[in-house]
Amino acid sequence: MMQPNVAVLFGFGINCDHETKAVFELVGAKADRVHVNRFIQGSAALEHYDILAVPGGFSFGDHLGSGRLLGNRMRFAMRDALQAFVDAGKPIIGICNGFQVLVKTGLLPGPSESASPDFVQRGSLSLNDSGRYEDRWVTLEFDPDSPCIWTKGMTRMDCPVRHGEGKYIMPSEQALDQLAHNHQLTVRYADPTTNPGEGLTDEPLPYPLSPNGSMRNIAGICDSTGLIFGLMPHPEAVYARWLHPHHTRHEAPTEANDDDLSGWEGEGLQIFRNAVEYVRSNR
């Protein structure tokens, strides 16, 4: 069976690269941790990879805002390579700080009428409404009509967040309306007391159900193609059921697919499996 090659960025304060590499390997990919400078200096080539992952952490110490400096470094020094990667139809994921980076490169949400990136920043992630760093578990609900290849077949999951700047904002309600119309508001914070499949709402959820006050409870978005995906919560941190805080109470959600891992698989792995299966089907 074909093994997709995944480039997992590291360097300059990224600190979730080992976990991100591990989850891709759990679902059948071959993953390499690649320092950002190797792509910039030419000692590694992005074109040799099938998937790009930008993990969480505190790149450049969050100076000038979370993801700003790494986003600029990628937007200018890796622009041609990223353009070719996206134009080739290859998936990209950004998690937490990686989501902030993709937003500030302009890869997310991207242009609405073209699959090719224009590197124009259209949104941002600002300080949490609580005014502090949030480290807690949240409930997420996925848009079943989203074009996002990463979330195919997913309805709801519990997941941890760990961020100080996770409030997704855009300059106008009209811009959000356009994303909603295209089903690019891929994953949102949800009230766990609602039934799965009925948790999506534009009404602001109270804290801490929405840990940051994001517009329309947005936890993650995709581009118009569904290949580029970013989210603030950490799906790589729930690769196993026993990582859920309620697992000893036998209240942890059951996993969506445990055929390969005999019942211990956590819900987060499905996101990475979806991308691996997409590459296998489309290479």
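Name the pairs: first residue in segment 59-73 and farther than 20 Å from residue 122 by Cα, second residue β-branched (Val, Ile, Thr), Cβ to Cβ under 7 Å, at least 6 apart or on different chains?
From segment 59-73, the pairs are 59/14; 59/101.
So is residue 22 part of a loop (DSSP other than H, G, I, E, B), out of contact with any Gly (no Cβ under 7 Å at 6 or more places or on another chain) and of a type in the set (A, V, I, L, M) or not?
Spelling it out, it is not the case that residue 22 is part of a loop (DSSP other than H, G, I, E, B), out of contact with any Gly (no Cβ under 7 Å at 6 or more places or on another chain) and of a type in the set (A, V, I, L, M).
Return only the number of the condition from (1) within 16 Å of residue 216 (Cβ to Cβ); (2) out of contact with any Cys (no Cβ under 8 Å at 6 or more places or on another chain); (3) crowded, with 19+ Cβ neighbours inside 10 Å that residue 138 does not satisfy.
Failed condition: (2).
Go through segment 158-187 and give me each residue that's in contact (Cβ under 8 Å) with a residue 24 or more places away in the chain, part of a loop (DSSP other than H, G, I, E, B) and small (Gly, Ala, Ser).
164, 166 - these are the residues of segment 158-187 that are in contact (Cβ under 8 Å) with a residue 24 or more places away in the chain, part of a loop (DSSP other than H, G, I, E, B) and small (Gly, Ala, Ser).
Please list, ordered by first then second residue, the pairs with beta carbon atoms under 6 Å, 6 or more apart or interchain, first in segment 222-243 and at positive phi and assigned to a loop (DSSP other than H, G, I, E, B), second crowded, with 24+ Cβ neighbours inside 10 Å and not polar (S, T, N, Q).
226/148
Quick check on segment 16-59: of everything there that is surrounded by 21 or more Cβ atoms within 10 Å (Cβ to Cβ) and among the aromatic types (Phe, Trp, Tyr), which residue is farthest from the chain's Cα centre (by Cα)?
Only one residue tops the list, namely 39.
Count, please, the residues in segment 10-36 that happen to be closer than 12 Å to residue 49 by Cβ and either touching a residue at least 60 places away in the same chain (Cβ under 8 Å) or of a type in the set (Phe, Trp, Tyr) (or both).
2
Which residue is nearest to residue 93 (Cα to Cα), if the candidates are limited to segment 1-15 and must be loosely packed, with under 15 Cβ neighbours inside 10 Å and among the hydrophobic types (A, V, I, L, M, F, W, C)?
Only one residue tops the list, namely 2.
Readers should treat all values here as calculations from the given coordinates under stated rules, not as data from a laboratory. Computed from a predicted model, the values in this text were never measured in an experiment. Note that each Cβ is placed from the backbone with ideal geometry, even for glycine, and that neighbours are counted across all protein chains shown.
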